[in-house]
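**Student:** What follows is a structure written as structure tokens; I'll ask about it next.
Every number here is computed from the coordinates shown, using simple stated rules; none is lab data. These figures come from a predicted structure and were not determined experimentally. Every residue, glycine among them, receives a Cβ derived from its backbone with ideal geometry; neighbour counts consider all protein chains shown.
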Amino acid sequence: MTSPASRPLDELGFYGLAGAPKSPADLLQECRDGEALGLGTVFLSERFNVKEICTLSGAAGAVTERMRIATGVTNHNTRHPVVTASYATTMHRMTGGRFVLGLGRGMDRMFDAYGLPRITTAQLEDVAGLMRRLWHGETVVGHDGPAGRWPVLALDPDFDEDIPLLLSAFGPESLKLAGRAFDEVLLHTFFTDETLQRCVRTVKDSAEQAGRDPSQVRVWSCFAVVGDWLPEDVRLKKTVGRLATYLQAYGDLMVRTNGWDPDVLTRFRADPFVAGFRGALDGKATTAELEHVATLIPDEWLAPAATGSPEQCADAVRHQLDLGADAVILHGAAPAELAPVVDAYRARLATP
């Protein structure tokens, strides 16, 4: 029987290349470190710089043997559906079934600038259906749906692949879609306890209403882990800087989802420094500038995170599971930075 000190921690994951990496090659050692810690899944987010998802996921698969590789996430509108389906099948077979294709809605302003169509809930559901049909060897003829029109879509009639599909979900309609059509759900960082519980309930209820087993739809809490063993300036960047960047990008949705005071967001946006800042605050702002930003964000908005000692962080992670999450992403830190909290988490598992 595997002991708590050595069993794989399939309920825990991490993000590769968290933040603004110096080099995509850093992912190789991060994956080795994550697997050595026993973490169950590495999540790879896509950015149009040095974080192209196909390259990263192939590299992650090549340097790991047990850990799952999940796109967390990519957007379906940047590739032809046959290209996406082929990529997922290649990763699935190359890793012996360790790949998860994660899709998300993305940012409307970026798509508008790049001349790409905005992503809708209906499109995501359409794409999920197309992926499953293609992975099971079906030739799709004359498709005309929310995701687009194609005369023929096909991979290989001999294919019969069950590849997990993950959805990054925020609003209620996306959460319902995840429950009825996806295998895993990725929630957002800085969700309050009440928000997490509501999101889990929405996903599970939707799965049940669709005739699915709710226990088979895995809900991931994306939980910032910023322990006191990290330097103070790093902690500031990973808490204040990270949340401030979310408020820059989609503050109204964050505030509405968590039931926060919208007047605080209005004051945040009206601050002369924030209003005039160009770029992401967690990537470009100095420590002194982030100290100013910290005065604009209430402590309770930053509270949904694991902070303090390794033991306190481990307890906070376990609390996410107690609230109903099926699994937890230790967000915002590389495995080498997460080692203290993972060790403390294992120690808690071994305690009767």
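**Student:** In deg cm²/dmol, rounded to 500, what helix-only [θ] at 222 nm does the chain give when every DSSP H run of at least 4 residues adds -39500 (n - 2.57) and the total is split over its residues?
**Tutor:** Helix contribution divided over all residues of the chain: -14000 deg cm²/dmol.
**Student:** Next question, about the same structure. Take every Cα pair under 8 Å in region 55-191 that's 6+ residues apart, average their separations, divide by the length, and report that relative contact order as a whole percent.
**Tutor:** Across region 55-191, relative contact order equals 22 percent.
**Student:** Counting pairs of alpha carbon atoms under 8 Å apart in space and at least six apart in sequence, what relative contact order in percent does the chain give?
**Tutor:** Dividing the mean separation by the residue count of the chain yields 18 percent.
**Student:** Here are some pairs, Lys22/Lys238; Lys22/Lys237; Lys204/Lys238; which of them have Cα atoms lying more than 20 Å apart in this structure?
**Tutor:** Lys204/Lys238
**Student:** What is the magnitude of the charge dipole of the chain about its Cα centre, with +1 placed on the Cβ of each Lys and Arg, -1 on the Cβ of each Asp and Glu, and no other charges, expressed in debye to the nearest 20?
**Tutor:** Here the size comes out at about 480 debye.
**Student:** Given springs between every Cα pair under 10 Å in a Gaussian network model of the chain, which of Leu177, Leu37, Leu116 has the largest fluctuation?
**Tutor:** Comparing Leu177, Leu37, Leu116 in a Gaussian network model of the chain, the most mobile one is Leu116.
**Student:** Relative to 2.2 N^0.38 Å, what does the C-alpha radius of gyration of region 229-303 come to as a ratio? Two decimals please.
**Tutor:** Normalised Cα radius of gyration, region 229-303: 1.03.
**Student:** Go from 0 up to the bin containing the longest alpha carbon distance in the chain, width 20 Å each, and give me the % of pairs per bin.
**Tutor:** Pair shares across the bins are 29, 60, 11, 0.
**Student:** Arg201 to Glu300: extension gain in nm, 0.36 nm per residue of separation minus the Cα-Cα distance?
**Tutor:** 33.3 nm
**Student:** Against the globular-protein guess of 2.2 N^0.38 Å, express the Cα radius of gyration of region 306-352 as a ratio, rounded to two decimals.
**Tutor:** 1.08
**Student:** I need Leu187, Leu9 ordered by Cβ neighbour count within 10 Å, fewest first.
**Tutor:** Fewest-to-most ranking of Leu187, Leu9: Leu9, Leu187.
**Student:** Also: DSSP loop (so not H, G, I, E, B), at most 14 other Cβ within 10 Å: list which trypsin sites (Lys or Arg not before Pro) in region 1-107 pass both filters.
**Tutor:** Answer in residue order: Lys22, Arg66.
**Student:** Tell me, Met131, Met110 in order of fewest to most beta-carbon neighbours within 10 Å?
**Tutor:** In increasing order of surrounding Cβ atoms, one gets Met110, Met131.
**Student:** Here's something else I'd like to know. Using 1/(1 + (r/R0)^6) with R0 = 51 angstrom and r between the beta carbons of His136 and Ala347, what's the FRET efficiency to the nearest 0.05?
**Tutor:** 0.70
**Student:** Let me ask another. Output the relative contact order of region 229-303, whole-number percent, from Cα pairs under 8 angstrom with separation of 6+ residues.
**Tutor:** 47
**Student:** Hey, how many Å between the Cα centroid of region 3-36 and the Cα centroid of region 245-302?
**Tutor:** A separation of 29 Å, based on Cα centres.
**Student:** So for His292, His188, His76, fewest C-beta neighbours within 10 Å to most, what's the order?
**Tutor:** His292, His188, His76
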